[in-house]
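A short write-up of the structure that comes next.
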Amino acid sequence: MSSTRSHKLVLFFAISCLLLHEICTDASVCKESERKALLEFKHSLQATVFSGNDALFWISEECCLWRGVYCNSFTGYVEMLDFSYQPLVVAGTISPSLLKLHHLTSLNFSSNDFNGSLIPEFFGSLKKLKLLDLSNANFRGPIPSLLGNLSMLETLRLGGNGRVFNVGKLEWLSHLSRLKEVDLSFTNLSNANDWSQVISHLPLLQKLSLRHCDLPSISSSSLSIANSSTSLTYLDLSDNNLPSSAIYPWLFNVSSNLVSLNLSSNRLKGPIPEAFGNMMAIQELYLSDNLLILAENQVRGDSVLNEIEKLPDFMVLDLGYNLLNGSISKSIGQLSNLQVLRFAGNSFDGDVISEAHFSNFTYLQKLDLSYTSLTLKLNSRWTPPFQLTQIMLCSCKLGPHFPDWIRTQMGILTPDHYISYVEYLDISASGISDSLPYWFWGSFHGLKYINMSFNQISGTFPNNSIHISHLDPSSNNFSGPLTRFSLDYNMGTINLSKNKFTGSVSPICNFTGAVFLTLFDLSNNLFSGVVPDCFGSFPFLTALNLGDNSFSGSLPSSLRSLISLEMLSLRGNKFSGVLPSSLQNCAKLKFLALSDNELSGEIPMWIVQKLSSLVFLSLQGNQFRGRIPHQLCGLKYLQILDLSVNKISGTIPPCLNNFTSMAKKVSLDRRIEHHILDTGPRFLSPEGVRYIDEALLTWKGTKQSYPELGLLLAIDLSCNKLTGEIPEELSSLQELVVLNLSRNHFNGKILQKIGHIRQLEVLDLSRNKFSGNIPTSLSELTFLSNLNLSYNDLSGKIPASTQLQSFAPSSFSHNRGLCGPPISPNCSMVEPPPGKAAVGSEEDCDEFMKWFYTGMGLGFAVGFWGFCSVVFSKRSWRHSYYRYMDNAKDWVYVTFVLLKARLVRRIKGLSTR
């Protein structure tokens, strides 16, 4: 009996091994039906899907070895398709052949590009799916309600597509009772007025992200049937414009186990509710970008902050960009587990922060007090109890001395390696007027982001290479030669503008990791010499600014390598020669400033053919000659054209009305700015590095910086040798703000339809040979704040209008035949002024430029431009100021004329006696 039993056991084990061997053998072989289904899926994409070895191309027999395909190790069936962060480039649609994968439980297309394809409805038939991730994959269109059939689904991520929307209610979502995570961020849910009650009835839901979904307000009926959720731990409702009344009642009903809550960028108003202090599990609270205030008792810290201080695990407090004011209570230091503290963008003007506020912050890692005007009075010998990784103190009052306590955050050196702490440091505009400490560059080995701009810090850079991702010491007093930089594998930015650096810039050819540089600004320094021809090492450069130095020689031919370049400024140097054809390769250029150099030759036609995206073009102050090429009219996005102070001849091309941005009311960027890839932490730098182009424009005879380019549509052709009449087509530029044709040889009559340019604020036609009457349509320009028609051959009566009579007499002077206010009380008393109608000769322009540069002294700049920067930034102030000054001049003139007339009458009366 025992022997028989032993034989049976041996036989059982043998059969089991054979079966297991059969299963394992089958598992190692791709199922032919599934292999064909996957190949159909690949072919439907109509694109090169993968790159690399054969397995990546999906041409081997073993489909379970293909990238992104995961099979069950025992059965061999495909259970997961995960193409997230794969080199997948697709077009077309997703084939329904995926329905043949009957055991598929996970489908992940996150972070790919489906070219705005619709979300396939057949996904709703993949009944065994537990995970569906279509986030950040460029899908569009409505969310298929058939997704409600996925009864096994636990994770649904559709966020980050932007053009995905929900047709109506979210009722279909309530069928997915096993859901633990839902991400519908950046999806339009404006019609889903049942969202709150649906969410409240998902019993297992733990993580919910509805950021930027245009959520409708919660109705009272929804509140009455909403159940308290005990499972929800992560909730993100940021960027939805929800009012306090719509969110608080529902929120405090589902908040019992919340660990992370994000209500940033809504319309929360009034005092911070004390109910936040009842969330006993809360660790992260984000309330930034609202209209919250602290009641007086809260300012002293004995209300809501005290409630929060009782929460044992509280780690993140974000109250940035609200309406908080008053003072910050020292009791906030009781949050002993706090890791992130953000009060940025509030009005704590005059409040002082001392060591007592930070006394218990042992675990603090991120500190953001930017734009609060807080004064940090910290003892120079103070050693903080924390080690920060991010220090954000922009616009705080740290100076005048460089804060020594920052040195304590540099990290520690162990026998094996260096442990760095601070990665992100922003102490810009913080009132520091001191030399950079000797220890600075040698201390922060792990520092990736430094912004110390807009201070008065002096010093030099080290001789050895600086390892950095983002460096901005602009607007300081740094001096000495340019050092070498070493950039890591993140996109880097370097801004050294507005300092006193000297010498050659040849070290740029030895930058380590130059391929990752995206912004490079050396403007407004004392650099000189020839710019080295090594820009082939900077393929991702987006903005290059070498303006206002003393560079000379030809433009580097290697500029042709900057195929990603959007902004190029070389103004204010001594560059010579013709525009190199190599610039044709910079097809993405929007901003091209070459003013105030010694460039020559004709304006090349390829500017239009190759640089069709130009928004700003300035060739002012060079030696360009020849005619304005009619091809220039093809720059339909152009907002500013400045060809002034050259030797350009011929007539104005009549096709300038093709400048679409000037002819039609279109949506213009208020600023020409470039969003450089983010090199800082996402929490504290959500928008990355923004670089704003500033144009130098001649306004009322003086040059000044004008950053709000989208507000200014301008054509400046002054100080050239242009002839003929103003083409009638120019009157089609109805959105034009500035037109300067002064100091040329134009003749004929002033354009009769000039009043059609309704937005015109500045019109300068002085020092030409215009004749005839002033067009009556000129009086229709209600925004006109600066007018100069002087030194022409105009005649007749100045049209009567409040607008024209408000200008100073100098606006019409040296026109022999003009009469009437404001140059004379009436046309019967005209006494032709001495002098001649001036022509725009080359000598005249040279004399003008000599006078202009003579008046550019430092004291004049500081006093005058400081005032003008305020006046020019606001149109209403600008108009009021112009009218006030013009009216003041007119009052003086009219008073003088009246006094003169009375005196003449009195003398005549005496003589008759």
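The values are calculated or read from the model by the stated rules, or taken from the named source; none is laboratory data. The model shown is predicted, which means the values in this text are computed figures rather than measured ones. As a convention, Cβ positions derive from the backbone with ideal geometry for all residues, glycine included, and neighbour counts pool all protein chains shown.
Which one is nearest to GLY345 (Cα to Cα), of the residues in region 245-258 that are surrounded by fewer than 19 Cβ atoms within 10 Å (Cβ to Cβ) and touching a Leu at 6+ places or on another chain (Cβ under 9 Å)? Can you show your working first?
Residues of region 245-258 that are surrounded by fewer than 19 Cβ atoms within 10 Å (Cβ to Cβ), as a first pass: 245, 248-249, 252-253, 256-257.
If we keep only those that are touching a Leu at 6+ places or on another chain (Cβ under 9 Å) too, we end up with 248-249, 253, 256-257.
On the way: TYR248: 24, PRO249: 27, ASN253: 30, SER256: 30, ASN257: 30 Å.
Applying the filter and picking the extreme gives TYR248.
Within region 625-663, can you find the residues that are outside any helix (DSSP H, G or I), more than 24 Å from LYS588 (Cβ to Cβ) and not β-branched (Val, Ile, Thr)?
Hits for region 625-663 are ARG625, GLY626, ARG627, SER644, ASN646, LYS647, SER649, GLY650, PRO653.
Just to verify a result, which residue in region 351-373, among those that are part of a loop (DSSP other than H, G, I, E, B) and among the aromatic types (Phe, Trp, Tyr), is nearest to SER428 (Cα to Cα)?
Among residues in region 351-373 that are part of a loop (DSSP other than H, G, I, E, B) and among the aromatic types (Phe, Trp, Tyr), the one nearest to SER428 (Cα to Cα) is TYR371.
Per-residue answers, yes or no, for (1) crowded, with 21+ Cβ neighbours inside 10 Å; (2) in contact (Cβ under 8 Å) with a residue 60 or more places away in the chain; (3) under 21 Å from LEU81 (Cα atoms):
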site: PHE139; (1), (2), (3): yes, no, yes
site: PRO144; (1), (2), (3): no, no, yes
site: GLY162; (1), (2), (3): no, no, no
site: LEU179; (1), (2), (3): yes, no, yes
site: ALA192; (1), (2), (3): yes, no, no
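Among all residue pairs at least 6 apart or on different chains, which show Cβ distances below 8 Å where the first residue, located in region 647-676, is under 30 Å from HIS745 (Cα atoms) and the second is among the hydroxyl-bearing types (Ser, Thr, Tyr) and modelled with pLDDT under 90?
Listed pairs, sorted by first residue: THR660/TYR637; SER661/TYR637.
For region 735-758, give me each residue that is out of contact with any helix residue (DSSP H, G or I) (no Cβ under 9 Å at 6 or more places or on another chain) and more than 20 Å from ILE628 (Cβ to Cβ).
LYS749
State whether one or more residues within region 540-549 are touching a helix residue (DSSP H, G or I) at 6+ places or on another chain (Cβ under 9 Å), closer than 23 Å to GLY492 by Cα and β-branched (Val, Ile, Thr).
no
State all residues of region 106-129 that are part of a loop (DSSP other than H, G, I, E, B), without any contact (Cβ under 8 Å) to a residue 40 or more places away in the chain and either polar (S, T, N, Q) or under 17 Å from ARG178 (Cα atoms) (or both); if no residue qualifies, say none. It would help to see each step written out before you state the result.
Taking region 106-129 as the starting set, the residues that turn out to be part of a loop (DSSP other than H, G, I, E, B) are 109-116, 119-120, 126-129.
Remaining after also requiring without any contact (Cβ under 8 Å) to a residue 40 or more places away in the chain: 109, 111-115, 120, 126-129.
Within region 106-129, SER111, ASN112, ASN115, LEU126, LYS127, LYS128, LEU129 meet the criteria.
Taking region 743-767 as the region of interest, how many residues are assigned to a loop (DSSP other than H, G, I, E, B) and under 24 Å from ALA663 (Cβ atoms)?
Final tally of qualifying residues: 11.
Restricting to region 597-620, give me the number of residues that are free of Cβ contacts under 8 Å to residues at least 60 places away in the same chain and part of a loop (DSSP other than H, G, I, E, B).
9
Name every residue in region 768-810 that is under 37 Å from the mean Cα position of the chain (by Cα) and assigned to a loop (DSSP other than H, G, I, E, B), in order of residue number.
LEU781, THR782, PHE783, LEU784, SER785
Can you tell me how many residues in region 227-266 are closer than 20 Å to LEU204 by Cβ and assigned to a loop (DSSP other than H, G, I, E, B)?
If we filter region 227-266 for residues that are closer than 20 Å to LEU204 by Cβ, which is where we start, we get 227-237, 250-251, 253-261.
Next, from what is left, pick out any that are assigned to a loop (DSSP other than H, G, I, E, B): 227-233, 237, 253-259.
Of the residues in region 227-266, 15 are closer than 20 Å to LEU204 by Cβ and assigned to a loop (DSSP other than H, G, I, E, B).
When you go through ASP434, ASP472, ASP488 one by one, which is the residue that is charged (D, E, K, R), farther than 22 Å from PHE575 by Cβ and loosely packed, with under 15 Cβ neighbours inside 10 Å?
Answer to the selection: ASP488.
Conditions: (1) closer than 26 Å to SER718 by Cβ; (2) under 23 Å from the mean Cα position of the chain (by Cα); (3) in contact (Cβ under 8 Å) with a residue 40 or more places away in the chain. LEU589 meets all but one. Number of the miss?
(3)
Provide a single number: the residues in region 563-596 that are assigned to a loop (DSSP other than H, G, I, E, B), out of contact with any Pro (no Cβ under 8 Å at 6 or more places or on another chain) and small (Gly, Ala, Ser).
Residues flagged as assigned to a loop (DSSP other than H, G, I, E, B), out of contact with any Pro (no Cβ under 8 Å at 6 or more places or on another chain) and small (Gly, Ala, Ser) within region 563-596 amount to 3.
Quick one: would you say SER732 is in contact (Cβ under 8 Å) with a residue 60 or more places away in the chain, surrounded by fewer than 22 Cβ atoms within 10 Å (Cβ to Cβ) and either over 30 Å from ARG625 (Cβ atoms) or not aliphatic (A, V, I, L, M) (or both)? Before the answer, list the steps.
Working: in contact (Cβ under 8 Å) with a residue 60 or more places away in the chain: yes; surrounded by fewer than 22 Cβ atoms within 10 Å (Cβ to Cβ): yes; either over 30 Å from ARG625 (Cβ atoms) or not aliphatic (A, V, I, L, M) (or both): yes.
In short, yes.
Collect the residues in region 180-201 that are in a loop (DSSP other than H, G, I, E, B) and in contact with a helix residue (DSSP H, G or I) (Cβ under 7 Å, 6 or more places away or on another chain), keeping them in residue-number order.
Answer for region 180-201, where residues must be in a loop (DSSP other than H, G, I, E, B) and in contact with a helix residue (DSSP H, G or I) (Cβ under 7 Å, 6 or more places away or on another chain): LEU189, ASP194, HIS201.
Enumerate the pairs (first residue in region 399-422 and surrounded by 12 or more Cβ atoms within 10 Å (Cβ to Cβ); second residue anywhere and among the basic types (Lys, Arg) and at pLDDT below 90) with beta-carbon separation below 9 Å, excluding pairs fewer than 6 apart on the same chain, so at least 6 apart or on different chains.
Hits for this filter: ASP404/ARG381; TRP405/ARG381.
Please enumerate the residues belonging to region 763-822 that are touching a Lys or Arg at 6+ places or on another chain (Cβ under 8 Å) and aromatic (Phe, Trp, Tyr).
Within region 763-822, PHE770, PHE783, TYR791 meet the criteria.
State yes or no: is SER44 modelled with pLDDT of 85 or more and either surrounded by fewer than 17 Cβ atoms within 10 Å (Cβ to Cβ) or under 39 Å from the mean Cα position of the chain (by Cα) (or both)? Before you say what the answer is, go through the steps one by one.
Details: modelled with pLDDT of 85 or more: no; either surrounded by fewer than 17 Cβ atoms within 10 Å (Cβ to Cβ) or under 39 Å from the mean Cα position of the chain (by Cα) (or both): yes.
Criteria not met by SER44.
Inside region 591-614, can you point out the residues that are at pLDDT below 90 and either within 25 Å of SER528 (Cα to Cα) or buried (at least 22 other Cβ atoms within 10 Å of the Cβ) (or both)?
Listed by number, the list holds a single entry, ILE607.
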